[in-house]
Each structure stands twice: as C-alpha cells, then as structure tokens.
Amino acid sequence: MDLWFDTDPGFDGWMAWALIEAEPSMRLHGVSVVAGNAPLNISLANALAIKALHGFAAPVHAGCDRPLAMAPVTAQDVLGDMGMETTGPTLPGSAAPPTPGHGVQALIDCVRAHPGRITLLAVGPLTNVATAFALAPELPALLAGLVIMGGSTIGGNITAAAEFNIHADPEAAARVFDCGVPVQMFGLNVCRQLPIGQPQIDRLKAIGSARAALFAGYLEGYVAIGRRRGRPVQSLYDPTPVIWLARPKLFDLQAARVDIELQGRFTRGMTVCDLRTPALARANARVAVKADGHAALEWAMQRLESLLAA
C-alpha cells in the first residue's frame, strides 16, 4: 500500500507515523505538515525530530501555516507548548531542514506521478488537503483512497459539537467532504474504543532501548491528559486509521452523508453525520462506527515493539 501522510505531530501523530513505518505492507512516499496541534513551525520541528530519531526515509515538507478562512487555532492548552509532553527524556531536535517545496505541491506531484496508487491519510486539520484539491481538481479521482482522522458522530472535544481537526479548519473540511470521492472518516466515536494506558506504557518501557524509553515517556505524557480529566486511559486518535488500513476486519464502517456545519453559533465545525443512506441521504463518506479495540491495540503494540527494539 502506497501512502502519503498529512499530519500535525503531536504524540499520536508520531505514533501513527511509527506504525506506518513499522508495517511491511505500507510504503510511505512523503509527509506534509500542517498547522494544527501547534503552530506550523513547532509541528514541523516535531516532524523533523521524529524523522531523525528513527531514521525514517520519507521526505518531510512544510505545508499550510493557517486555516483557509479563520484565525489559527491550536490544542496547546491541552497538549502543551510543543504539542506533546513527556515524563522522561525530551525528543532531540534535528538540524536537518525540511525537504524543499511546499507540502501541498509535493502531495499533488506525488499523486500525479502515481495515479490510482496513493492513499492519502490526513490526521490533522484538512487545510493542506483542501488546498491541494483546489489547485488540482483532478486529484481526488487520482487517489486510491482518502482517509481522515477527524469528526465525530457523538459530539465533540474542542467544543460540545466539534472535534478539533474539523473545528480548526471547517471550511477546508467542507471542501474535502465535497470533493466527489468517498472519505473514510475515523472520528472520536470509534477512536475512543481504543483506550491506551499504564499497561502499554509499562510494556514499552520493558523493551529496554533508549528509543523505547523516550517514546514511552511521551506516551505517559499523552495518557496524563486523560488522567487530568479523571480517566486512567487516553483514547488513541491518529493511529486508529493506520490500524484500519493494515487490519480492516477489526473495524465496521457505515455509509453516511457527512456535512460540515459552518454557521452555527454553538455548532461550527460539527460533522453532521446522516447514516440514513441510501434511502434518505446520498453518501459521501464511510464512517467508522465500531472497532475491536483490544485486537487493534495489540496489533499496534506489536508493531511498536518491533520498531523500538531495533
């Protein structure tokens, strides 16, 4: 499977990227970074540090630094100034620059060079994706698949109605869901069926390598978000669609009509999911509704162990 990864790392974006690299059936052609969890300069620095730590080969490109039609929004109040926090050693920075060329153009060039082969996986705000589709209207039809982590069928996390990735650029999300090809949507409702906590932290620490200890510290910082809110676990967001790409039988998806609320005073950024297809709505998406969370998390842990032990 040939992939392009659009991300705003963030620990869970890091974990998603690690799972892609650890899965032999996946070939990553490139990474485009978007402003989201933190401003672009911070998310880009995180991406370059992750690439250097693991020795990942895929080129990393800087993408869009602001939403299409609103002031930038970040999740730093929840995730910390760097978009991720640790209880252990800090991720070393990288002196290497990003690969030349804007991330949007790099995405367009890659898909055009490999028509029908590239699955686009986007786990941050959809600014880069919407911009690419605007510049190259033929692009959606050239993709092998379009997969996002974002949205929800059960309410939001950044507001009562909206999930963060969609809320951070709802105009971009609206354009992506209206692009003419089905969007595979992994929202809060299914990601919350994959809880990660202390057993997984301990399991990674037990690997014994320096990289495993570093990664486990950031996982512990990630789980601490849930603990601050009275939960012993944290939901696994960005890695969830990666697991589906590798193990689709662990998930149930349902055809839906997804529209993005752009006007509501209390509901802007909401993914309005109409599951009454085909009788009462014309589907533009497949929405993940159920996961075998235990099996999905076990697959992810085995892949991380193989990557971090090396």
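The values are calculated or read from the model by the stated rules, or taken from the named source; none is laboratory data. Note that the structure is predicted; figures quoted are calculated from it, not measured. When we count neighbours, we look across all protein chains shown, and the Cβ atoms used for this are built from the backbone with ideal geometry, even at glycine.
Does V287 satisfy being β-branched (V, I, T), surrounded by 15 or more Cβ atoms within 10 Å (Cβ to Cβ), modelled with pLDDT of 95 or more and under 18 Å from the mean Cα position of the chain (by Cα)?
So V287 fits the description; yes.
Could you tell me how many of the residues in the range 41-77 are acidic (D, E) and touching a Lys or Arg at 6+ places or on another chain (Cβ under 8 Å)?
The qualifying residues number 0.
What tally of residues in the range 45-71 results from selecting those that are over 22 Å from L307 (Cβ atoms) and either without any contact (Cβ under 8 Å) to a residue 60 or more places away in the chain or crowded, with 24+ Cβ neighbours inside 10 Å (or both)?
6
In the range 46-79, which residue that is in a helix (DSSP H, G or I) and of a type in the set (S, T, N, Q) is farthest from A168 (Cα to Cα)?
Of everything passing the filter in the range 46-79, N46 is farthest from A168 (Cα to Cα).
Out of the range 139-156, which residues are within 16 Å of the chain's Cα centre (by Cα) and farther than 17 Å from G264 by Cβ?
Passing the criteria: G145, L146, V147, I148, M149, G150.
Could you grab me the full set of residues in the range 11-37 that are in contact with an Asp or Glu (Cβ under 7 Å, 6 or more places away or on another chain) and among the small types (G, A, S)?
Answer for the range 11-37, where residues must be in contact with an Asp or Glu (Cβ under 7 Å, 6 or more places away or on another chain) and among the small types (G, A, S): G13, A16, S32, A35, G36.
Only one of (1) under 21 Å from the mean Cα position of the chain (by Cα); (2) part of a loop (DSSP other than H, G, I, E, B); (3) at pLDDT below 95 is not met by P89, so which one is it?
For P89, the failing item is (1).
Per-residue answers, yes or no, for (1) crowded, with 24+ Cβ neighbours inside 10 Å; (2) among the polar types (S, T, N, Q); (3) not in a helix (DSSP H, G or I):
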site	(1), (2), (3)
D12	yes, no, no
E21	no, no, no
S25	no, yes, yes
H29	no, no, yes
N41	no, yes, no
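When only residues in the range 183-197 that are out of contact with any Leu (no Cβ under 7 Å at 6 or more places or on another chain) and in a loop (DSSP other than H, G, I, E, B) count, which is farthest from A285 (Cα to Cα)?
G197
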